[in-house]
1. Farther than 23 Å from Leu80 by Cβ and free of Cβ contacts under 8 Å to residues at least 12 places away in the same chain, is that true of Gly60?
2. Filter segment 35-59 for residues that are loosely packed, with under 12 Cβ neighbours inside 10 Å and part of a helix (DSSP H, G or I) and give the result.
3. Under the condition of being closer than 30 Å to Gly27 by Cα and part of a loop (DSSP other than H, G, I, E, B), which residue from segment 60-80 is modelled with the highest pLDDT?
4. Report, ordered by the first and then the second residue, all pairs with beta carbons closer than 6 Å, sequence separation of six or more or different chains, a first member in segment 24-37 that is farther than 21 Å from His84 by Cβ, and a second member that is part of a strand (DSSP E or B).
Amino acid sequence: MRRIHAKGYQGRCEAVGGDFLQAVPPGGDLYVLKFILVDWQDAEAVRILHHCRTAITPDGTLLVIEMTIPDDNHPSPGQLFDLHMLVMTGGKSARRVSIEH
């Protein structure tokens, strides 16, 4: 919140705490998930995305930011992050998930 106020954005955005496995605050036109989905099993990741889809305005945007692994398998930070998630948190390797609305 301090950074939002320091930049003068308090009239344009809001940081809201909660449990995205239960619900997402409704009515936003932009939701950002940064390094979130990789930390959950498929069922929970789908639940998070479903809650975002339910909450977002019809013309809203969901921005998902995750590390990717290059197709050519050259060393990258994404591979280290993926390995860390697999070993330390019980996450899954990179996957594709689609949500029907």
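1. It is false that Gly60 is farther than 23 Å from Leu80 by Cβ and free of Cβ contacts under 8 Å to residues at least 12 places away in the same chain.
2. Once the filter is applied, which keeps residues that are loosely packed, with under 12 Cβ neighbours inside 10 Å and part of a helix (DSSP H, G or I), segment 35-59 yields Asp42, Ala43, Thr54.
3. Only one residue fits best here, namely Gly60.
4. The qualifying pairs are Leu30/Thr61; Tyr31/Leu62; Val32/Leu63.
For (1) within 17 Å of the chain's Cα centre (by Cα); (2) assigned to a helix (DSSP H, G or I), each residue gets a yes or a no:
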| site | (1), (2) |
| --- | --- |
| Arg3 | no, yes |
| Ala15 | yes, no |
| Phe20 | yes, no |
| Leu33 | yes, no |
| Asp82 | yes, yes |
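The values are calculated or read from the model by the stated rules, or taken from the named source; none is laboratory data. As the structure is a computational prediction, the values presented were derived from the model and not from experiment. No Cβ is skipped: glycine too gets one built from the backbone with ideal geometry, and neighbour counts run over all protein chains shown.
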